[in-house]
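Please treat every number below as a calculation from the coordinates, not as lab data. Remember, it's a predicted structure, so these values are computed and weren't measured experimentally. Note that we place each Cβ from the backbone using ideal geometry, even for glycine, and neighbour counts take in every protein chain shown.
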Amino acid sequence: MPGHEHEKQLLARYRETGDNRFLGELYSEYMHLVYGVCLKYLKDREKSRDAVMDIFESLVTKLRNQEVENFKPWLHVVTRNHCLMILRSSAYKREQENKSVSSVEYALPAHHDNGKMPEEDLDQLRKCISKLKDEQKECVSMFYLEELSYREITERTRFDLKKVKSHIQNGKRNIKICMENKGE
């Protein structure tokens with residue numbers, strides 16, 4: 001790790017010249033720590049790698065305008081804030097929502113080569129969905145067929161968010177069990 005004085009020199013040289021090599025030299029010493037913080041918050045290796053690069057790009061302008069006394073703790077705060085902004089973004093939330101409840105397909109047999117589900121599997125799926133409790137059927141249908149978000153489902157059904165998530169999760173589980181039992 002660079003010493004405090006060495007960090008200050010690199011920061012000063014970067015501000016004087018605008019040469020990214022000075023910033024790169026400083027940042028490279030902390031990239032693994034930045035990656036670790038990103039991984040802790042984002043829980044995704046690829047997103048964390050992307051965030052490491054995005055953070056470096058943001059430093060190019062931030063460090064031209066800000067006087068930083070202690071680079072490592074400052075960088076930690078910048079990294080944490082960057083990750084929190086990602087977590088708050090609607091695109092990230094939607095992606096995580098879709099990933100965690102990706103679709104009923106994990107409960108279905110593998111698709112044939114033409115990408116279409118065999119008719120008997122579709123019939124079995126319809127039968128299993130029809131067996132769900134009304135609330136589960138309603139939430140599962142809105143989520144998967146209409147591709148509505150949790151928030152949109154809560155607005156339409158007047159169920160609270162926990163109930164919507166519970167109905168979808170329980171509905172998925174019940175469909176999976178039913179599919180494994182061939183619709184029985």
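Summary of computed values
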| read-out | value |
| --- | --- |
| Partner lysines for K62 [C-alpha distance under 20 Å; skip if fewer than 8 residues away on the same chain] | K8, K72 |
| Environment charge of D19, counting only residues whose C-beta is closer than 11 Å and scoring Lys/Arg +1, Asp/Glu -1 | +1 |
| Rg over Rh [alpha-carbon atoms, Kirkwood Rh] for the stretch 4-88 | 0.97 |
| Ordering of 35-41, 18-24 by packing [mean C-beta count within 10 Å, highest first] | 35-41, 18-24 |
| Full-stretch length increase - K43, T61 - with 0.36 nm per residue and alpha-carbon distance subtracted | 3.8 nm |
| Label-point separation in nm, E5 to I177, each point 7 Å along Cα→Cβ | 7.0 nm |
| Of K43/K176; K127/K165; K43/K137; K40/K131; K43/K127; K43/K131, pairs whose Cα-Cα distance is over 29 Å | K43/K137; K40/K131; K43/K127; K43/K131 |
| For the stretch 156-170, Karplus couplings with θ = phi - 60° (6.51, -1.76, 1.60), whole Hz, Gly/Pro x | 6, 8, 6, 6, 6, 4, 4, 5, 4, 4, 5, 4, 5, 4, 5 |
| Cross-link partners of K47 among lysines (Cα-Cα below 21 Å; sequence separation of 8 or more within a chain) | K93, K99 |
| Stretch gain in nm, segment E155-K72, where the contour uses 0.36 nm per residue and the Cα spacing is subtracted | 25.4 nm |
